[in-house]
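Enquirer: One structure, pasted below without further comment.
The values are calculated or read from the model by the stated rules, or taken from the named source; none is laboratory data. These numbers were taken from a predicted model, which means no experiment stands behind them. Every residue, glycine as well, gets a Cβ built from its backbone with ideal geometry; the counts of neighbours run over all protein chains shown. Each accessible area value is taken on the protein alone, full model and side chains, heavy atoms only, with ligands, DNA and RNA left out. Shrake-Rupley method; radii C 1.70, N 1.55, O 1.52, S 1.80 Å.
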Amino acid sequence: MKISTSEFLNELRNRTEEHLQFAEMLSLKTEHDLNFRTSTESWSTLECLEHLNRYGDFYIPEISRTISSSGKPSQLYFKPGILGNYFAKSMLPKEKLNTMKTLKAMNPIHSNLDKSVVDTFIKQQKKMLELLEEAQFIDLEKTKTSISISKLIKLKLGDTFRFVIYHNARHVEQIKRILTD
């Protein structure tokens, strides 16, 4: 799959804008509603967002640092890497959302959370939109980022964007299900 870099970044921007708008809608809900869980072992809305914030706390500075230090000019097309494509696609929400294990440090279950979690997520989405803007001027294939589970594994910047934004999409869908239960 080879895609125009501008189309690729536009698609990611559109998804991120949707996540931002969704989070802004969540900020209008009560803390009681945001802490609702369907069972003792399921996550609440705030726990889903806190999980995403924890990943954002790693990836946003990593992406920002990578963009700042990249001297590689943008290319017309982006072609995902094998590993990056696998990670990104595994995050996309499916009709029946399959549960996945998360790292203990990224699991917020039974944390004492308040609406500031929503505010943090909103700030992270705004920062992601800024980074997507900056990314249009650099090579999304040759510029590489570390991943949260190992500094030894590097992904193409374009794949990292896809992974993070698709991961957000996955949990936005989970939140929609929580709110309709």
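Enquirer: So, with a 1.4 angstrom probe, what is the percent of accessible area on the range 12-92 that is carbon and sulfur?
Expert: Answer for the range 12-92: carbon and sulfur cover 54 percent of the accessible area.
Enquirer: Please name whichever of 10, 82, 108 sits farthest to the positive end of the charge dipole of the chain, dipole taken about the Cα centre and charges placed at Cβ: Lys and Arg +1, Asp and Glu -1.
Expert: 82
Enquirer: For the chain, modelled as a Gaussian network with Cα springs under 10 Å, which listed residue fluctuates most, 110, 171, 19?
Expert: The residue that fluctuates most here is 110.
Enquirer: Right, here's the next one. Enter the Cα centre distance for the pair the range 124-145 and the range 65-87, rounded to the nearest angstrom.
Expert: 9
Enquirer: Let me ask you something else. Run the 1.4 Å probe and let me know the accessible area of residue 8, rounded to the nearest 10 Å².
Expert: Accessible area of residue 8: about 10 Å².
Enquirer: When we measure straight from the Cα of residue 154, which lysines land under 24 angstrom away, once same-chain ones fewer than 8 places off are left out?
Expert: Counting by Cα, and skipping residues close in sequence, residue 154 has these lysines nearby: 2, 72, 79, 89, 101, 104, 127, 142, 144.
Enquirer: Might you report the magnitude of the Cβ-based charge dipole of the chain about its Cα centre, with Lys and Arg at +1 and Asp and Glu at -1, to the nearest 20 debye?
Expert: Charge dipole, the chain, about its Cα centre: 760 debye, nearest 20.
Enquirer: Here is a follow-up. For volume of the Cα convex hull per residue in Å³, the listed values are (1) 200; (2) 121; (3) 113; which was obtained by calculation from the structure presented?
Expert: (3)
Enquirer: For every helix of n ≥ 4 consecutive DSSP H residues, a contribution of -39,500 (n - 2.57) applies; sum these over the chain, divide by its total residues, and give [θ] at 222 nm rounded to the nearest 500 deg cm²/dmol.
Expert: That comes out to -19500 deg cm²/dmol.
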